[in-house]
Amino acid sequence: MRKLLQHIRIEALLFLVFAALIWFVMTVSATTIERQYTMNFTADASVIDSYWMQDSTLTTQITVRSQGLSALFMRQFNGLELTFSAKNSIRANRIGLFILPVDIDRILVERFGGDYDFSFSAQSDTFYFSTSALITKSLPIQFLTQSVKLPDGYRWISPPTISPTEIEITGPEWAIPAGSIRLDVPQTEWKGRKRENVRLQEFGTRLTQSANKAVIAAHSDLWVEDRFTTEVEWDGRKHDVQVWLSGPFTLLKPKEWRQYVNVALHAVEDGVGLDVDSKSPLVTVLSYSPKILVHSQQ
């Protein structure tokens, strides 16, 4: 008998709990809750069309309405911080950048589903962001060649140049720097023909630039002096000519130097003269012999 009474008591307790649960669900499901919350919406980009947003965060009050169990979680909207796609939501006109309540409603529905209704103040049908018009300005790049050194005995064949010589900066006018952009080149010794990339200064997220690096190109060589022997022919006879040259090592090689020098014969009072001159601005004829190839017969 005692076990039966205990069993009945347990069933009665379970029935009461179940009945209370049913009552609670029915009561909650029939109740509509409406609250007003302050929410913050932040765009994921600050540059849209031809404008820059000085502040990409919109703070506004929104009335949230819900019915049923979803109403129990209304507090999640209190001080809500929500990031949204600027590309898909921000609009532009001749005044600047703005967002409509329908856009905010879509953002909230995409995040929280259709369990909540959102409404806005009738006076706030358009939310404008504080914006500045974008401009594009060309800035020259200042290249200081003092940091590029030549090793001992080297000279420039092609002095250092940079590309590009200027870049375009786009952003709000007040944020674009004035003057030129300084290219900081680390101290380096330049041997041979090379191209090196040097990163340009970056100006932050509010500005965009047409290039983020510059290319330095230059060609140097070891300057040498050397004597060479060549032959010229006159009246069926071959004559040795000694030529003393100065220039880049890569040009003054035994099998190549001849293409940079012109050897010519001409008549003089004493007989047949010899002229040796350079065909390249990089090669200098220091001396040659003989000056008179064939002396006239007296």
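Structural remarks
- VAL17 vs. criteria at pLDDT below 85 and either closer than 29 Å to ILE135 by Cβ or within 27 Å of the chain's Cα centre (by Cα) (or both): no
- Residue in region 60-67 that is of a type in the set (Gly, Ala, Ser), surrounded by 14 or more Cβ atoms within 10 Å (Cβ to Cβ) and over 23 Å from LEU134 (Cβ atoms) present: yes
- Members of region 163-180 that are in a strand (DSSP E or B) and under 14 Å from LEU207 (Cα atoms): ILE167, GLU168, ILE169, THR170, GLY171, PRO172
- When we screen ILE169, ILE104, ILE90, ILE157 for residues that are out of contact with any strand residue (DSSP E or B) (no Cβ under 6 Å at 6 or more places or on another chain) and modelled with pLDDT of 90 or more, the only hit is ILE104.
- Of all the residues in region 136-149, those that are of a type in the set (A, V, I, L, M, F, W, C) and modelled with pLDDT under 90 number 3.
- All of (1) surrounded by 15 or more Cβ atoms within 10 Å (Cβ to Cβ); (2) outside the structural domain of GLN146 (by TED's automatic domain parsing); (3) assigned to a loop (DSSP other than H, G, I, E, B); (4) modelled with pLDDT under 90 hold for ARG206 with one exception: (2).
Table: residues versus (1) in the same structural domain as SER163 (by TED's automatic domain parsing); (2) under 56 Å from the mean Cα position of the chain (by Cα); (3) of a type in the set (Phe, Trp, Tyr).
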position: TRP234; (1), (2), (3): no, no, yes
position: SER246; (1), (2), (3): no, yes, no
position: GLN259; (1), (2), (3): no, yes, no
position: HIS266; (1), (2), (3): no, no, no
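- Which numbered condition LEU80 fails, given (1) exposed (fewer than 14 other Cβ atoms within 10 Å of the Cβ); (2) at pLDDT 90 or above: (1)
- Close Cβ contacts (under 8 Å, 6 or more residues apart or on different chains) running from residues in region 262-273 that are free of Cβ contacts under 8 Å to residues at least 40 places away in the same chain to residues that are among the aromatic types (Phe, Trp, Tyr) and part of a strand (DSSP E or B) comprise LEU265/TRP234; VAL272/TRP234.
Let's see how each residue does on (1) within 33 Å of the chain's Cα centre (by Cα); (2) loosely packed, with under 13 Cβ neighbours inside 10 Å; (3) on the phi < 0 side of the Ramachandran plot:
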position	(1), (2), (3)
VAL47	yes, no, yes
ASN93	yes, yes, yes
ARG111	no, yes, yes
LYS137	yes, no, yes
SER147	yes, no, yes
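- THR83 in the same structural domain as ILE107 (by TED's automatic domain parsing) and closer than 29 Å to ARG206 by Cβ: yes
- Against the list (1) of a type in the set (Phe, Trp, Tyr); (2) surrounded by 17 or more Cβ atoms within 10 Å (Cβ to Cβ); (3) within 30 Å of TYR37 (Cβ to Cβ), the condition PHE143 fails is (3).
- Counting only residues that are in contact (Cβ under 8 Å) with a residue 12 or more places away in the chain and under 27 Å from SER46 (Cα atoms), region 183-203 holds 4 of them.
The values are calculated or read from the model by the stated rules, or taken from the named source; none is laboratory data. Keep in mind that what you see is a predicted model, and the values were worked out from it rather than measured. We place every Cβ from the backbone using ideal geometry, glycine too, and count neighbours over all the protein chains shown.
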